[in-house]
Amino acid sequence: MPAKPAVNYVIRVEWKDAKKGTNALQIVTTEGSFQLDTISGAVKINNADVPTTVKLSGSLQELSPEKGRLQLFLGRTVPYVTGTSSVPGSGSSYSQLQVGLNSNFVVTFGKPLLIQADDSGEVIILVKRGAD
C-alpha cells in the first residue's frame with residue numbers, strides 16, 4: 001500500500017464570550033500531535049500584573065479525505081491568591097489553576113462544529129484539510 005501523502009491542516013478554535021467578545025486561536029499542523037501555549041492577558045493581584053494563558057493541544061487523525069478524529073484540550077490558567085503578607089510591600093503569593101475542555105470529536109473538514117455553548121458564550125472549532 002503506497003504511503004499517504006502528507007497534508008497540512010488548519011485548526012481554528014473560536015470562542016465568543018458575552019462580556020469580552022470573540023477570541024480565536026489558529027494553528028497549521030500535520031496529522032498527529034500539536035500544542036500551543038500563549039499569553040492571553042493579565043490580571044491584577046495587589047498591583048502586580050499576573051499573566052493568564054490559553055492552551056490548545058491535542059492530536060488529529062485523518063479518517064477519510066472528508067473527516068478526521070480530533071482529540072482536543074482547550075483551556076486557560078486562572079491565577080488565585082494562596083497567601084498574603086501583612087509586611088508592607090511584600091504583596092501576595094499566588095498559584096495558577098488550569099481549567100478547560102478535554103474531549104474527542106469527529107470533524108468534517110471545512111465545516112464548523114459547535115463544541116460548547118452556555119449562557120456565557122460558545123466555542124466553535126473548524127478544521128480545514130490541505131492548507132498551504
Might you tell me the accessible area per residue for region 1-89, computed with a 1.4 Å probe and given in Å²?
64 Å²
If the elastic network links every pair of Cα atoms under 10 Å, which of Lys16, Lys67, Lys55 fluctuates the most in the Gaussian network model of the chain?
Lys16
Could you give the size of the charge dipole of the chain about its Cα centre, using +1 on the Cβ of each K and R and -1 on the Cβ of each D and E, expressed in debye and rounded to the nearest 20?
120 debye
Indicate the gyration tensor shape class of region 8-53 (rounded, prolate or oblate), computed on the Cα atoms with a ≥ b ≥ c the square roots of the eigenvalues: a/c under 1.5 is rounded; otherwise a/b larger than b/c is prolate and the rest oblate.
oblate
On the full set of protein chains, 1.4 Å probe, figure out the accessible area of Ser120 and give it in Å² to the nearest 10.
70 Å²
Solvent-accessible surface (1.4 angstrom probe) belonging to Asp49, in square angstrom, nearest 10:
100 Å²
Taking R0 as 25 Å, what FRET efficiency do you get between Ile39 and Leu113 from their Cβ-Cβ distance, rounded to the nearest 0.05?
0.40
What accessible surface, in Å², does a 1.4 Å probe find on Lys111, ignoring ligands, DNA and RNA and rounding to the nearest 10?
130 Å²
Within the chain, longest stretch clear of exposed GluC sites (Glu not before Pro) (DSSP loop, no more than 16 other Cβ within 10 Å):
67-132
22 Å Cα-Cα threshold exceeded, pairs from Lys19/Lys111; Lys20/Lys67; Lys16/Lys128; Lys19/Lys44; Lys4/Lys55:
Lys19/Lys111; Lys20/Lys67; Lys4/Lys55
Note on the chain: alpha-carbon gyration tensor, axes a ≥ b ≥ c; rule is a/c under 1.5 for rounded, else prolate if a/b larger than b/c, else oblate; result prolate
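The values are calculated or read from the model by the stated rules, or taken from the named source; none is laboratory data. Treat the numbers as computed from the prediction; the structure is a model and nothing was measured. Positions of Cβ are generated from backbone atoms using ideal geometry, with glycine treated the same way; all protein chains shown enter the neighbour counts. Only protein heavy atoms, including side chains, enter the accessible area calculation; ligands, DNA and RNA are left aside. Shrake-Rupley method; radii C 1.70, N 1.55, O 1.52, S 1.80 Å.
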